[in-house]
């Protein structure tokens, strides 16, 4: 069973993330847990008055999240009561991921993605230390085909290992892509060799030379990519991810 933690706000991007996660739940046995962290607004009062004000804010947040989940029930029956807490969202997510033993973290994001915000997200403490893959959902796409991004051998092997562990026994329709503009891109023969070593067979291997060719990759329901932690994995990689229209699964190398 895949245990997924899905971050929700009362907005459209969270609705899309929930619906997409439930598409996955239709293919795999999954337990979906929604979480929302309300960061208390600044308030002039202290002591009892402040605590009362923060309690009111938290109750309002709970109502909004419950309304969201009720509205999404026909698309995504989240059976577990949502976790709604007061605090910094990144810290609360990190704490629950570490303590809860989740296999996947999912969050929605609004398009268009800016290079600056995406680079900041990839370098955030949450993305740098999350104990599981992170699925970033920007569009609700049908899960008809998966694209694996082939980078240098160690990063690609880490991606394929994490992908296999998450989606055990999955019968995906798989393609691969080699973005030549990323550092240390591999040749077709080496890509086939790495895929074979990890037990993967793909139908097609695409090779793209420039960012502008990303539009050729618009038909995939999921794109999985390995990301090097502890390094400023940005520049061409961030631009590549920025222009992908599909949900993106980040696996850590």
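Scanning the stretch 110-141 for residues that are surrounded by fewer than 17 Cβ atoms within 10 Å (Cβ to Cβ) and under 14 Å from residue 223 (Cβ atoms) turns up just one, 139.
Taking the stretch 76-154 as the region of interest, the helices (runs of 4 or more DSSP H) fully inside it that hold 1 or more residues being outside the structural domain of residue 38 (by TED's automatic domain parsing) and in contact with a strand residue (DSSP E or B) (Cβ under 8 Å, 6 or more places away or on another chain) are 115-122, 125-129.
The values are calculated or read from the model by the stated rules, or taken from the named source; none is laboratory data. All of these numbers come straight from a predicted model, not from anything done at the bench. We place every Cβ from the backbone using ideal geometry, glycine too, and count neighbours over all the protein chains shown.
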